[in-house]
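Below: one structure, written as structure tokens.
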Amino acid sequence: MAKKLRLGVVPYMNAKPLIYGLHEHTNSIELLFEVPSLLPTMLNNDQIDVAIIPSIEYFRGGTYAIIPDISISSYEAVESVKIYSKVPIQHMRTAALDKSSLTSCALTRIILKEKYHLSPQFSQWNNQYDISQTDTDAVLIIGDNAMKISDNGYITLDLGQAWFEHTGLPFVYAVWVVKKNRRIPGINTLLKNAKEAGMRSAQALAVTESHRLQLTEERCLHYLTNSIHYNLGTEEIRGLQTFYQYAVALGLAPHGVELIFNSN
């Protein structure tokens, strides 16, 4: 019996359209769900064959090839990557970062430095605790948790919106990758077809996710069709390259990494 292809996937709503079309391939594909920060290590250790990884990890790893035409990205507000602050943003001195997302942590540092000229003291936030229990001025929250938390008097900063205001470009949070020189015949087509099937099925996904997350169907549908975008075209690539330039300038990624796309 042929070995199943192992795909590493984030467990959040924003990734569901990318894997929706794979349910017909359960005999040949196994999906493994993990937080974004752990998937690159799993790929490096050959625990999985393909992974959705944080965009910053593509540049830090230097050992990957990107599956073309697919991303998790946003134009303007993203809704699921937010800073919740007890003080006005310009007065922020300390911030706790959700350690499950490496790209969002890097984006936080870039936005605060470049847009607000801030370099607060950063710490990690253990998200098993209520944000009201943190002793920092602000907390970064990502994924489904950010969708579910109400403002409750906090000042909120949507990092997708802040990035777009600062650069005029979309922001790419994650991409599908394989290891460089790893040949998986048909993987590009398989994942692109899955994405397209998922985008066509946004209404059905919104119903499922609304029950899972206890959010309204309308909000889930808006998120899946307006807040999150799934292509990786010219503008997204420009946004990705701009993010890399900022990351290098702040010492968050090494120099000299180019975008390499998987060819099979």
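Do you know which residues across segment 113-134 are in a helix (DSSP H, G or I) and either of a type in the set (D, E, K, R) or surrounded by 23 or more Cβ atoms within 10 Å (Cβ to Cβ) (or both)?
Lys113, Glu114
Test Glu30 against the criterion of being without any contact (Cβ under 8 Å) to a residue 60 or more places away in the chain, closer than 30 Å to Glu218 by Cβ and over 12 Å from the mean Cα position of the chain (by Cα), and give yes or no. Outline the logic, then answer.
Details: without any contact (Cβ under 8 Å) to a residue 60 or more places away in the chain: yes; closer than 30 Å to Glu218 by Cβ: no; over 12 Å from the mean Cα position of the chain (by Cα): yes.
Here the answer is no, as Glu30 does not meet what is asked.
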Boolean, Leu102 is farther than 24 Å from Val35 by Cα, out of contact with any Cys (no Cβ under 7 Å at 6 or more places or on another chain) and either surrounded by fewer than 23 Cβ atoms within 10 Å (Cβ to Cβ) or not hydroxyl-bearing (Ser, Thr, Tyr) (or both): no
Unmet requirement for Ala106, which otherwise passes all of (1) in contact with a Phe, Trp or Tyr (Cβ under 7 Å, 6 or more places away or on another chain); (2) closer than 16 Å to Phe171 by Cα; (3) hydrophobic (A, V, I, L, M, F, W, C): (1)
Near pairs, Cβ below 8 angstrom, 6+ apart or cross-chain, from segment 176-203 (more than 14 Å from Ile52 (Cβ to Cβ) and aliphatic (A, V, I, L, M)) to any residue that is at pLDDT 95 or above and part of a loop (DSSP other than H, G, I, E, B): Ile184/Asp49; Met199/Tyr230
From the options Val87, Val50, Val35, residue that is surrounded by 20 or more Cβ atoms within 10 Å (Cβ to Cβ) and either touching a residue at least 12 places away in the same chain (Cβ under 8 Å) or more than 27 Å from Gln124 (Cβ to Cβ) (or both): Val50
In segment 206-264, the residues that are open to solvent by 70 Å² or more (accessible area, probe 1.4 Å), among the charged types (D, E, K, R) and closer than 24 Å to Pro170 by Cβ: Glu218, Arg219, Arg238, Glu258
Test: residue in segment 152-160 that is of a type in the set (Asp, Glu) and exposed (fewer than 15 other Cβ atoms within 10 Å of the Cβ): no
Check on Thr108, modelled with pLDDT of 95 or more, of a type outside the set (A, V, I, L, M, F, W, C), in contact with a helix residue (DSSP H, G or I) (Cβ under 9 Å, 6 or more places away or on another chain) and not in a loop (DSSP other than H, G, I, E, B): yes
Residue check, Ala77 more than 12 Å from the chain's Cα centre (by Cα), open to solvent by less than 10 Å² (accessible area, probe 1.4 Å) and touching a residue at least 60 places away in the same chain (Cβ under 8 Å): no
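The values are calculated or read from the model by the stated rules, or taken from the named source; none is laboratory data. It should be emphasised that the depicted structure is a prediction, and the values quoted were computed from it without experimental measurement. As a convention, Cβ positions derive from the backbone with ideal geometry for all residues, glycine included, and neighbour counts pool all protein chains shown. With ligands, DNA and RNA removed, areas are computed over all heavy atoms of the protein, side chains included. Shrake-Rupley method; radii C 1.70, N 1.55, O 1.52, S 1.80 Å.
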